[in-house]
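Peer 1: My structure is below; once you've seen it, I'll send some questions.
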Amino acid sequence: MENRTESLIATLREARGRKGWSQRDLSQRAGMTQAHISRIENGAVDLKLSTFLELARLLDLEPILAPRSALSALNAVIREADANREARSVRGAANSLQQLVRIARLQHPKEPAVERLSELLRDLHPLEPLFRTPSELAELQDITDQLQSAGRHADLANLKKAVDRLAQLRNRLVHSQPKTGRPAYSLDDED
């Protein structure tokens, strides 16, 4: 029983991470303290079913009771859904395009667009937190599809267009983020 509880808690923690929420973000949405969320995630409290259900639903999880005989089929469906989500993620897009870069370098040696694409892909991993909306991820997936199509057909013109789109998306994400934090110093009215 202990192992299953740990697995449920780990699922909640992973779902929170996928959403990009901190414990504080989840606590505000759930109306709980951040310390309580921390104790839940560390297994330091006995998690009530009502609390578990509330947190799961906030994290876009739907707990279900299934017959044991259906568990292997259900797990296969979940693994496939996870694989599809990974393929649509920033990391999945960057990973799938690495192979394209290797092929494009063979087809178009010393092509600046291919080197630019390689540089943009290195930028994608650290920029993953800046992809905040489904439309941004959908745009990235559309660009990925365009790049892969151009690579399959050795279409240099479309490759260049897709690389330009990827650079524009990157620049828009980087430059549209609000500045956070506080200044290193402030001027007081008193002098």
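Peer 1: In Å and whole numbers, how far do the C-alpha atoms of the stretch 1-54 stretch along each principal axis, longest first?
Peer 2: So the three principal-axis extents are 29, 20, 17 Å.
Peer 1: Another one. Report the net charge of residues surrounding Asp25, where surrounding means a beta-carbon distance below 12 angstrom and charges are Lys +1, Arg +1, Asp -1, Glu -1.
Peer 2: On the way: positive: Arg16, Lys19, Arg24, Arg29; negative: none.
Combined, the nearby Lys, Arg, Asp and Glu give +4.
Peer 1: Next question. How much length would be gained if the chain were fully extended between Leu156 and Leu47, taking 0.36 nm per residue of separation minus their Cα-Cα distance, in nm to one decimal?
Peer 2: 33.6 nm
Peer 1: Counting only protein heavy atoms and a 1.4 Å probe, tell me what percentage of the chain's accessible area is made up of carbon and sulfur.
Peer 2: Values: 6780 of 13200 Å².
Heavy-atom surface of the chain belonging to carbon and sulfur, 1.4 Å probe: 51 percent.
Peer 1: Right, next: At a Förster distance of 30 Å, what's the computed FRET efficiency of Ser135 paired with Arg68, Cβ-Cβ distance as r, to 0.05?
Peer 2: Details: r = 40 Å, r/R0 = 1.35.
Taking R0 as 30 Å, the efficiency between Ser135 and Arg68 is 0.15.
Peer 1: Per-residue ellipticity at 222 nm for the chain, helices alone: DSSP H runs ≥ 4 residues times -39500 (n - 2.57), over residue total, nearest 500 deg cm²/dmol? The partial results should precede the final answer.
Peer 2: Details: 9 runs with 135 residues, N = 191.
After summing the helix terms and dividing by residue count, I get -23000 deg cm²/dmol.
Peer 1: If you count only protein heavy atoms with a 1.4 Å probe, what accessible area per residue comes out for the chain, rounded to a whole Å²? Could you put the intermediate results ahead of the total?
Peer 2: Numbers: 13200 Å² over 191 residues.
Per-residue accessible area for the chain comes out at 69 Å².
Peer 1: On the first, second and third principal axes, largest extent first, how far apart are the outermost C-alpha atoms of the chain in Å?
Peer 2: Ordered largest first, the chain gives principal extents of 75, 60, 23 Å.
Peer 1: Further question on the same structure: For the stretch 59-76, take each phi angle, set θ = phi - 60°, evaluate the Karplus expression 6.51 cos²θ - 1.76 cosθ + 1.60, and give the result in whole Hz per residue in order, putting x for glycine and proline.
Peer 2: 9, 6, 10, 10, x, 9, 9, 10, x, 4, 5, 9, 4, 5, 5, 5, 5, 5
Peer 1: State, to one decimal in nm, how far the label point of Ala81 lies from the label point of Leu106, with both points 7 Å from Cα in the Cβ direction.
Peer 2: Inter-label distance under the simple model: 3.8 nm.
The values are calculated or read from the model by the stated rules, or taken from the named source; none is laboratory data. Quantities reported herein were computed from a predicted structural model and do not represent experimental measurements. All Cβ positions, even for glycine, are placed from backbone atoms using ideal geometry, and neighbour counts span all protein chains on display. SASA here: full protein model, heavy atoms, side chains in, ligands and nucleic acids out. Shrake-Rupley method; radii C 1.70, N 1.55, O 1.52, S 1.80 Å.
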